[in-house]
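Working notes, beginning with the structure itself.
The values are calculated or read from the model by the stated rules, or taken from the named source; none is laboratory data. A quick note: this is a predicted structure, and the numbers were derived from the prediction, not measured. Cβ: placed from backbone, ideal geometry, glycine included. Neighbour counts: every protein chain shown.
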């Protein structure tokens with residue numbers, strides 16, 4: 001029965017045979033669904049955005065297929081340059097914040113007995129498996145005018161009128177640092193953990209004080225982890241629009257908010273596409289800078 | 001690094017940092033039992049908001065949508081992504097290195113850019129925004145993550161077991177089902193778990209690719225937070241946190257019970 005079918009479909013049997021013998025063909029077959037899927041959902045959409053960024057906006061928010069570079073020249077307008085500068089500043093401050101809070105903790109975890117380390121790392125990750133809007137909401141409850149922080153400070157008598165923290169750039173920073181903290185701690189821990197005790201002991205034997213040993217040995221050796229962590233924090237922080245939306249009020253506009261507004265509120269898709277291209281190019285520049293320095297390691301994946 | 005006892009100030013700093021990480025979540029949980037609707041000050045204990053939550057048809061619909069999207073996108077992305085991981089780990093083919101580096105693009109591309117480009121693309125081909133477009137988009141960002149995780153796990157895989165199976169007369173299909181798949185299963189499962197979590201958690205891409213009636217839980221929570229801060233949001237968040245804790249706990253126990261091979 002089987003041989004009969006095979007005989008009546010000589011084309012099919014030869015294809016199967018070919019597939020069995022040709023390893024290259026097997027590889028291509030296995031990878032083809034991914035390639036085809038990503039061409040349709042990643043490559044084509046991105047090419048489309050590039051094309052739209054050179055088109056003209058119609059009067060009713062439609063796209064007129066007429067070539068122009070006006071969307072890009074609009075980006076150098078001082079208003080948009082300020083938004084861009086502010087986004088870069090926020091991303092940089094967020095990165096510094098995560099280093100400031102994350103470094104001592106990563107250093108501590110690298111120094112506790114090794115069986116405790118896994119538990120501590122697990123404890124850092126647990127809250128971040130919960131939804132990130134929930135985490136922002138928790139901070140809104142704490143920071144708002146009649147929130148816990150203000151009640152507590154007033155109860156202590158430190159302040160008499162509530163502080164306005166929520167809906168300010170400070171609130172955005174607090175939220176962003178909290179969101180991205182694990183992305184800094186994990187790579188930092190990885191590089192701190194690799195430092196040999198012998199190196200520090202040698203420094204101590206040679207008379208180096210702990211602080212000097214830290215500055216001359218530990219800190220330089222942990223720089224790869226810090227670079228990896230900075231990239232992992234800086235890049236998503238640059239395009240973030242949810243935290244500014246919920247915690248920054250109307251005044252805080254980052255590049256991510258600008259793009260969102262152009263697509264959904266202002267309905268200026270060509271200009272929104274140009275802004276997206278700018279964000280994408282900045283992302284690629286920072287990523288390439290990192291890859292050239294460190295190579296594509298597993299660190300980037302956490 | 002040395003296992004000398006860390007200095008006292010470092011220990012205090014570590015404790016404070018852990019407090020900083022867990023305090024907001026603790027507050028969230030406590031205030032889900034608050035009787036005061038404005039949820040400003042603690043008034044008294046109640047389960048009232050959980051009752052409100054279970055009767056909230058919007059939340060129920062959003063939960064159903066979220067689970068549906070996460071399940072379908074995880075299954076599809078895990079199958080396709082695992083195939084790609086096998087191809088990249090074991091075969092050399094034309095276009096190998098470009099495929100390999102292209103897999104990183106969805107990982108590094110800003111979410112908002114991916115969101116608007118999918119929105120523009122769906123609009124161009126005339127696909128109606130809704131559960132379908134969200135699922136298609138989730139599969140897209142999940143495939144690379146699954147492929148990368150599974151591939152990392154395939155790294156130390158010993159091909160000689162497969163050759164032994166074939167020598168003993170098993171054909172390719174039997175070898176795959178009985179030897180290869182069970183061996184790479186832990187990697188496939190962790191890829192699937194990551195995909196499921198990413199899908200459950202996603203706000204940005206869902207936001208751009210959703211249409212009327214296709215609200216997911218993160219979108220629902222966002223609009224609840226935006227318009228009114230009531231203990232109902234806390235109750236919903238508490239249940240979410242609880243579910244995650246239970247799942248992580250089960251995962252840990254399962255990992256411990258596995259023989260250390």
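Observations
- Single unsatisfied condition, residue B:19 versus (1) exposed (fewer than 13 other Cβ atoms within 10 Å of the Cβ); (2) without any contact (Cβ under 8 Å) to a residue 12 or more places away in the chain; (3) at the interface with another protein chain (Cβ under 9 Å from one of its Cβ atoms): (3)
- You will find that of A:124, A:133, A:83, the residue that is facing another protein chain (nearest Cβ under 8 Å), touching a residue at least 40 places away in the same chain (Cβ under 8 Å), in a helix (DSSP H, G or I) and under 30 Å from residue A:49 (Cβ atoms) is A:133 and no other.
- Where residue B:175 falls short, out of the listed (1) at pLDDT below 85; (2) under 20 Å from residue B:151 (Cα atoms); (3) within 8 Å of chain A (Cβ to nearest Cβ): (3)
- Meeting the requirement of 1 or more residues that are touching a residue at least 24 places away in the same chain (Cβ under 8 Å), the helices (runs of 4 or more DSSP H) wholly within segment A:207-268 are A:223-239, A:242-247, A:255-264.
- Some residue of segment B:45-52 being buried (at least 18 other Cβ atoms within 10 Å of the Cβ), over 25 Å from the mean Cα position of the chain (by Cα) and within 8 Å of another protein chain (Cβ to nearest Cβ): no
Okay, residues lined up against (1) more than 8 Å from chain A (Cβ to nearest Cβ); (2) surrounded by fewer than 16 Cβ atoms within 10 Å (Cβ to Cβ); (3) over 25 Å from residue B:62 (Cβ atoms):
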site	(1), (2), (3)
B:89	yes, no, yes
B:118	no, no, no
B:126	yes, yes, yes
B:129	yes, no, no
B:148	no, no, yes
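- Among the candidates B:42, B:9, the residue that is without any contact (Cβ under 8 Å) to a residue 40 or more places away in the chain, on the phi < 0 side of the Ramachandran plot and touching a strand residue (DSSP E or B) at 6+ places or on another chain (Cβ under 7 Å) is uniquely B:42.
- Sole exception among (1) within 26 Å of residue A:136 (Cα to Cα); (2) under 30 Å from the mean Cα position of the chain (by Cα); (3) more than 13 Å from every other protein chain (Cβ to nearest Cβ) for residue B:75, by number: (1)
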